[in-house]
Structure formats: C-alpha cells, structure tokens
Amino acid sequence: MQASFLSSAAQTLAELARRIGPVRLMEVCGTHTVSIFRSGLRSLLPENVVLLSGPGCPVCVTDQADVDQAIAAASLPGVTLCSYGDMLRVPGRGGSLREAAGRGGDVRVVMSAMDVIPLALNEPRREFVFFAVGFETTTPQTALLLQEAKRLGVGNVSVLVEHKRVLPALELLAQDPLTGVKGFLLPGHVSSIIGLEPYGILAEKYRLACAVGGFEGEQILLALCALLSQAVRGEPRVVNAYPSGVRDRGNPRARALIDECFTPCDSVWRGLGSIPQSGLKLRAPYACCDARAKLDLPSAVSAPIPGCRCGEVLRGRLAPPQCALFGKVCTPQEPVGPCMVSSEGSCGAWYRYGRRG
Ligand code: SF4
C-alpha cells in the first residue's frame, strides 16, 4: 500500500470511528478475508471497529450432505466427478472426495466448468458429473457448460448443482441479533455480476451500511470509510467503492445466462441451515442434466462435526481462534471443518496470516 494514501485513509477511518460507538462490520468474500490479512489492514482498524468474516467462501458453505452426494457419484462405476480443487479436502460424513479417489473413485480436478466438455467428448461411455459450487461468480460458467453440452449434443454430462445466492444469506445475517452487524463490505466478484440493486433491501429494510469493495488493501480501506461514514450519518445506502471493477448494473449478460438455466430454490448452507431461495435448481430444459436424478443419487443428511464451530464462525459470532480445535487438531494440513480447508476460509486465513500479528 502507498504509505501516504494509507496514512490519510487510516486517519479518515479513525476520525469517523471517534464519532460513533462500537461497530461491527462484516466482509462476505473469501478474497477480502485474505487481502485484509495480507495487507495488514486489521492493525489499522480503530479499536471500536470490529471486522468479522462471514460466509464468503464457497467451499465453507457447501453442506456436508452435498459433499456426501458428490462422493456417492464419484464412487459409481462408469462415473467421473469433476470438481474445483478446493472441494477435494472438504469433509463430508463419509470422508472427503480425495479419500473417495483413494478408494478407487474417479475424481478429476478442473479449473473451469467448461473443462468438462472435452473430457466427456473423449470418453463418451463415461458419465461426467460437474460438482457445481460457488456463488453468482461461478454460476455463469456452469450455465455455459450446460448450454454448450446441449448445443453439441453431449449426453454424458450432468451437474450436481450446489450454487448459492449471496443476498438471502446476507438477509439472514442482517436479522441475527447475536451477529449484530451494522454494515456489510460487499463482495466485488459477486457484485460484478448482480450489480448494486439487489442489496438495496439491506440498507432500506435492515438499515445496514453497504459498500462494494475491491481487493487491494487501499480499495478495502476506502470501502470501510464509506461504511463508517454511513454509520456516522445514520444514512445507510449502497455505495460502489469499486467502480473500476463493478458496474452499478452488474453484468446483465451473465445474469441472463444464469436465468436461462436456473431458478431459485431453498438451499442448505453449512452451519447456517436451510435458507429460503438461497440456492439454484435447473430449469426444465436442462433438467435432464440433473446428476441427482440421472444417477439416482441417495439423499444424504448432514451431521455436526464434533467440536467444529464453523456455523458460529460463518455467522460472525465467533472468531476462529476461539474454537478449541483451532491450530491444535484443526490445521490446513489436517482440517477438521470446512472453514480450515480453503485458504479463503475464515479459519484457514486466520491460521495462515492472523497468527503473525
Ligand atoms: Fe471448524 Fe476447524 Fe474452524 Fe474450529 S478451527 S471452527 S474445527 S474449521
């Protein structure tokens, strides 16, 4: 960070903070979580400003039962489960996808949803299931996969849909008195797709300050100043503090792609439970690609991981080091819960960066 900018922005933040009492803000983006640690921004926060990490990591919020269904798919003869790499170590009830691969399941890491198409074309007798996780940022890629498979007539591609929609989770947190947030640092990537308009309800109905932030330390600091400024004036609204990366209207083309393939449905988030209209399911023209129905996957139930407090961490009720397992039996090398798996998970980020301070 530029020292002069840093010092003046930190000074602005401190002046704003002096004009209000204790305030709790939450970021809901794994990239923000890591950037805040890496830039040393936490050390610049005034004492009365607490910055919480919410459910911003797709790996963390994917429910155990859905991991178990992915494992069930990978274990079927003639079926290949394609997944982003981070998902391989996420614990389900029956182990992880990595362990399933060790038992002979066919699990392949892909960098993008579209990577599934050439795999499926090369081995037409195998079924290729894409484990579709993530927020609005990755959903358009899954929609493109579905459309391309349809266009090319590739019949051996299906999708295990576990995409999440950010806004319903933010509404849940907005109503949580134990979390007690006064404002959200909104995710840059998701906002580049959905734009600013959907967040209006957070400012208008829940009276919460909102600011979309970029990913550099300076950009995050600017967004935090925008949040505190709203809190000081008592005038919550949605501010785009990342105009170089996010257009106010978002990306209408990407949203049209999502809408063509998916429709909202209730979804279970790890640690947060079932949140109305927070997930997506396939629309009728693509229902033939639903891996659950196509492979008749058994339904699974989630069960708490003994001692793991990811649910409270994801709600901002608990800082990762307050979990008794943190850094002792739960580490990035041997994660007990999902928040320790990804480098962008709250526990993983605290372990890697937070312990230095
Ligand atoms: Fe779960 Fe590990 Fe985080 Fe504790 S430290 S909440 S066990 S992921």
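FYI, it's all coordinate maths here, none of it is from the lab. Bear in mind that the values here come from a model prediction, so they are computed numbers and not experimental data. Here the Cβ is made from the backbone with ideal geometry for all residues, glycine too, and neighbour counts use every protein chain on show.
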Looking only at lysines whose Cα falls under 25 Å of K294's and that sit 8 or more positions away or on another chain, we get K150, K164, K281
Quick check: Cα centre of the stretch 159-226 to Cα centre of the stretch 33-61, how many Å?
14 Å
Separation of the stretch 91-158 and the stretch 298-357 by C-alpha centroid, Å?
26 Å
Cross-link partners among aspartates and glutamates for K182, C-alpha distance below 20 Å, same-chain residues fewer than 8 apart left out?
E15, E27, E47, E171, E197, E204, E235, E312
Integer Hz, Karplus 6.51/-1.76/1.60 couplings in order for the stretch 131-145, x for Gly and Pro
7, 8, 10, x, 8, 4, 5, 9, 4, x, 5, 5, 4, 5, 4
Name the residue, out of A113, A324, A73, whose mean-square fluctuation peaks in a Gaussian network model built on the chain with Cα pairs under 10 Å.
A324
In debye, nearest 20: dipole of the stretch 106-162 around its Cα centre with unit charges on the Cβ of K, R (+) and D, E (-)?
200 debye
Rh (Kirkwood, all Cα-Cα pairs) for the stretch 187-233, Å, reads 11.2 Å
At 222 nm, what helix-only mean residue ellipticity would the chain give, in deg cm²/dmol to the nearest 500, using -39500 (n - 2.57) for each DSSP H run of four or more?
-10000 deg cm²/dmol
Per-residue counts of other Cβ atoms within 10 Å, averaged by peptide: what ranking do you get for 22-28, 104-110, highest first?
22-28, 104-110
Determine the dipole magnitude for the stretch 310-356: charges of +1 sit on the beta-carbon of Lys and Arg, -1 on that of Asp and Glu, nothing else is charged, the reference point is the Cα centre, and the result goes in debye to the nearest 20.
180 debye
Go through G311, Q333, C323 and say which Cα lies farthest out towards the positive end of the charge dipole of the stretch 310-356; charges sit on Cβ, +1 for Lys and Arg, -1 for Asp and Glu.
C323
Roughly how compact is the chain, stated as its Cα Rg over 2.2 N^0.38 Å to two decimals?
1.00
Hey, what do the phi angles of the stretch 230-237 turn into as Karplus ³J(HN,Hα) couplings, whole Hz, using 6.51/-1.76/1.60 and θ = phi - 60°, x for Gly and Pro?
5, 5, 5, 7, x, 10, x, 7
Of L186, A256, T142, which is farthest towards the positive pole of the chain's charge dipole, taken about the Cα centre with +1 and -1 on the beta-carbons of Lys, Arg and Asp, Glu respectively?
L186
Inverse of <1/r> over all distinct C-alpha pairs of the stretch 310-356, i.e. the Kirkwood Rh in Å, gives 10.1 Å
Using the crude model of +1 on Lys and Arg Cβ and -1 on Asp and Glu Cβ, and no other charge, please compute the dipole size for the chain relative to its Cα centre, in debye to 20.
460 debye
Points 7 angstrom from Cα along the Cβ direction at R93 and Q277: gap in nanometres?
3.1 nm
Shape of the stretch 1-93, Cα gyration tensor, a/c cut at 1.5
prolate
Added length on full extension, which subtracts the Cα-Cα distance from 0.36 nm per residue, R126 to S8
36.6 nm
Extent along principal axes [Cα atoms of the stretch 185-283; Å; largest to smallest]
43, 28, 23
